[in-house]
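First up is the structure itself, then whatever we jot down about it.
The values are calculated or read from the model by the stated rules, or taken from the named source; none is laboratory data. Not measured: the values here are computed from a predicted model. Because the Cβ atoms are built from the backbone with ideal geometry, glycine has one as well, and the counts that use them run over all protein chains shown.
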Amino acid sequence: MKTKFFKGALMLVAAAMFAGSFFFTSCKEDETTTPILVEDGLYIKGAGTALTDLDTKGLMKTTRNEVQNDVTPIVNRASLYELYIAIKAGADGFNIVEVAGTTQKTYGPGTGFAIVTNGTNDETKLPFQRGAYAENTTKFTVPVDGIYHVIIDTELKKVVIVPVQYWGLIGAATEGGWSNDTKIVAGAFGLSTMTFETTNVKMYKGQFKFRYSGGWKVEVDTVLDLGAGKKGVKVNTNLGGTIAALIPGGDNIDFATPGIYTAKAVWTLGSPWAMTLTKTGDLPTIDYTNYEMGIIGNAYLKADGVTVANWDETFPLVPIVPVVAGKLFTWTYTLNLIQDGEFKFRQQMAPPADPWSGKSIGFGDATWAGAAAANFSNNGGNIKVGVAGNYTLVLKIDATTETYTVTATKN
């Protein structure tokens with residue numbers, strides 16, 4: 001194979017048609033393979049993948065640094081790239097190839113690139129690989145056939161490779177709450193496409209996210225000073241926003257139609273993940289009679305009357321059961337709330353259950369009513385207090401329609 005570069009008029013035509021720098025790779029004159037047009041960028045290429053030559057389907061895309069998710073507007077980090085790709089186990093593996101005009105550089109594992117078996121609390125608990133890369137032809141390899149999240153930061157000169165063993169549904173709308181994933185399991189392995197699917201999934205009214213392999217994010221670096229008190233580079237391993245338009249690290253997804261669902265996550269080479277939830281049945285009506293619901297957050301003082309709670313003490317200390325009227329369940333709270341503090345309503349779970357494994361209700365889960373409703377707003381799913389004061393909050397659940405109402409009165 002030779003590389004042929006076109007000059008003169010053809011270069012002007014190409015420049016008018018495409019942005020950036022491109023080159024053709026073509027075969028000898030007696031071969032009939034169609035030339036491949038490739039733009040500048042970082043590519044995954046290797047016999048362990050479907051991409052044995054440079055291909056736009058293997059072009060890595062820039063992504064956001066999770067550390068700066070709260071910066072407005074959110075922009076992608078220019079040196080941080082990612083790609084989900086199917087990789088076969090064994091020595092074939094892959095390299096990352098950097099294309100810049102007529103120049104190509106091939107990267108493989110560098111000094112210190114190794115398996116991580118004990119990540120942070122927010123990282124997957126599955127073994128993954130992380131470390132430096134270098135200009136060489138040594139292959140990046142994986143131990144098991146599967147989909148992998150490949151990440152590279154060209155400023156930090158680091159690569160991370162994380163297995164997507166399963167996708168999980170997690171959140172107040174799911175059976176496991178914010179503590180346990182409802183797993184969407186992988187089907188047959190394929191280099192060009194794979195489908196993850198689980199049937200008979202119970203979904204409730206509330207919020208949730210997709211995340212893979214039980215992790216929220218993966219750390220590329222922890223020391224890079226970004227200014228404004230922020231350090232490090234992390235990549236989201238969760239997807240939010242809406243099911244139809246998923247964003248890495250996006251907002252919690254609002255879910256309004258309880259039922260039994262089939263959950264699917266479809267990966268296709270060169271395309272974003274496609275997630276679907278298809279309703280197949282109805283849930284039985286929930287009896288909330290014995291649901292002890294309290295308030296958890298940092299918007300009030302602890303029982304000592306001095307220390308501000310920090311999502312570590314429920315109000316009241318003994319959560320209350322509802323007043324029941326048919327299928328209507330009502331909990332009433334009167335408390336002092338701190339401006340800019342945040343909270344949620346949360347079911348009390350008996351030890352050793354995880355406290356977030358039961359029902360929790362955030363701002364977007366409920367309809368707000370009452371004279372003081374405007375004093376509360378949404379902040380990432382939490383209920384944010386806009387005006388300090390003494391409030392009576394009435395939480396009502398209509399189990400027939402599975403709708404939640406919060407009535408707020410400033411006393």
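Name the residue that is farthest from GLY101 (Cα to Cα), counting only residues in the stretch 37-64 that are of a type in the set (Val, Ile, Thr) and under 26 Å from the mean Cα position of the chain (by Cα).
Per the stated criteria, the residue is THR49.
Could you list, in sequence order, all residues of the stretch 196-240 that are at pLDDT below 95 and at positive phi?
GLY206, GLY227, ALA228, GLY229
Say we look at the stretch 386-411 and pick out the residues that are of a type in the set (A, V, I, L, M, F, W, C) and not in a strand (DSSP E or B); which of these is farthest from THR257 (Cα to Cα)?
So, considering only residues that are of a type in the set (A, V, I, L, M, F, W, C) and not in a strand (DSSP E or B), the one farthest from THR257 (Cα to Cα) is ALA388.
List the number of the failed condition for VAL150; all other conditions in (1) modelled with pLDDT under 95; (2) buried (at least 21 other Cβ atoms within 10 Å of the Cβ) hold.
All conditions are met except number (1).
Within the stretch 336-381, considering only strands (runs of 3 or more DSSP E) that don't extend past its boundaries, which have at least 2 residues that are surrounded by fewer than 17 Cβ atoms within 10 Å (Cβ to Cβ)?
By residue number, 367-369, 376-379.
Give the residue, chosen from GLY386, GLY326, that is at pLDDT 95 or above, more than 27 Å from ASP181 (Cβ to Cβ), touching a helix residue (DSSP H, G or I) at 6+ places or on another chain (Cβ under 8 Å) and surrounded by fewer than 17 Cβ atoms within 10 Å (Cβ to Cβ).
Within the list GLY386, GLY326, the selection yields GLY386.
With the requirement that a residue be surrounded by 15 or more Cβ atoms within 10 Å (Cβ to Cβ) and closer than 16 Å to TYR333 by Cα, what does the stretch 303-316 give you?
Those that are surrounded by 15 or more Cβ atoms within 10 Å (Cβ to Cβ) and closer than 16 Å to TYR333 by Cα: GLU313, THR314, PHE315.
Taking only the stretch 318-354 into account, find how many residues are under 20 Å from TYR391 (Cβ atoms) and under 27 Å from the mean Cα position of the chain (by Cα).
Selection size over the stretch 318-354: 7.
Yes or no: ILE115 out of contact with any Cys (no Cβ under 9 Å at 6 or more places or on another chain), in the same structural domain as LEU246 (by TED's automatic domain parsing) and at pLDDT 95 or above?
So ILE115 passes the test.
Would you check which residues across the stretch 43-84 are buried (at least 20 other Cβ atoms within 10 Å of the Cβ), in a strand (DSSP E or B) and not assigned by TED's automatic domain parsing to the domain that holds THR141 and list them?
Across the stretch 43-84, the qualifying residues are TYR43, ILE44.
On the basis of being closer than 14 Å to ILE361 by Cα and hydroxyl-bearing (Ser, Thr, Tyr), does TYR291 make the cut?
yes
Taking the stretch 85-112 as the region of interest, how many residues are crowded, with 19+ Cβ neighbours inside 10 Å, over 25 Å from the mean Cα position of the chain (by Cα) and part of a loop (DSSP other than H, G, I, E, B)?
1
For ASN95, indicate whether it is within 27 Å of GLY380 (Cα to Cα) and either out of contact with any Pro (no Cβ under 9 Å at 6 or more places or on another chain) or modelled with pLDDT of 95 or more (or both).
No, not satisfied.
Quick one: which residue in ASN121, ASN200, ASN180 is within 30 Å of ILE361 (Cβ to Cβ) and free of Cβ contacts under 8 Å to residues at least 12 places away in the same chain?
Only one candidate passes the filter, namely ASN121.
Could you count how many residues in the stretch 185-209 are in a strand (DSSP E or B), of a type in the set (A, V, I, L, M) and surrounded by 15 or more Cβ atoms within 10 Å (Cβ to Cβ)?
Residues in the stretch 185-209 being in a strand (DSSP E or B), of a type in the set (A, V, I, L, M) and surrounded by 15 or more Cβ atoms within 10 Å (Cβ to Cβ): 4 in total.
Only one of these conditions is not met by SER179: (1) assigned to a strand (DSSP E or B); (2) at pLDDT below 95; (3) of a type outside the set (A, V, I, L, M, F, W, C); (4) surrounded by fewer than 20 Cβ atoms within 10 Å (Cβ to Cβ). Which number is it?
Condition (1) is where SER179 drops out.
Go through the stretch 263-301 and give me each residue that's under 20 Å from the mean Cα position of the chain (by Cα) and among the β-branched types (Val, Ile, Thr).
Within the stretch 263-301, VAL266, THR268, THR276 qualify.
Being of a type in the set (Ser, Thr, Tyr) and part of a strand (DSSP E or B) is the filter; apply it to the stretch 210-268 and report the residue that is surrounded by the most Cβ atoms within 10 Å (Cβ to Cβ).
Looking at the filtered set, the residue picked out is TYR212.
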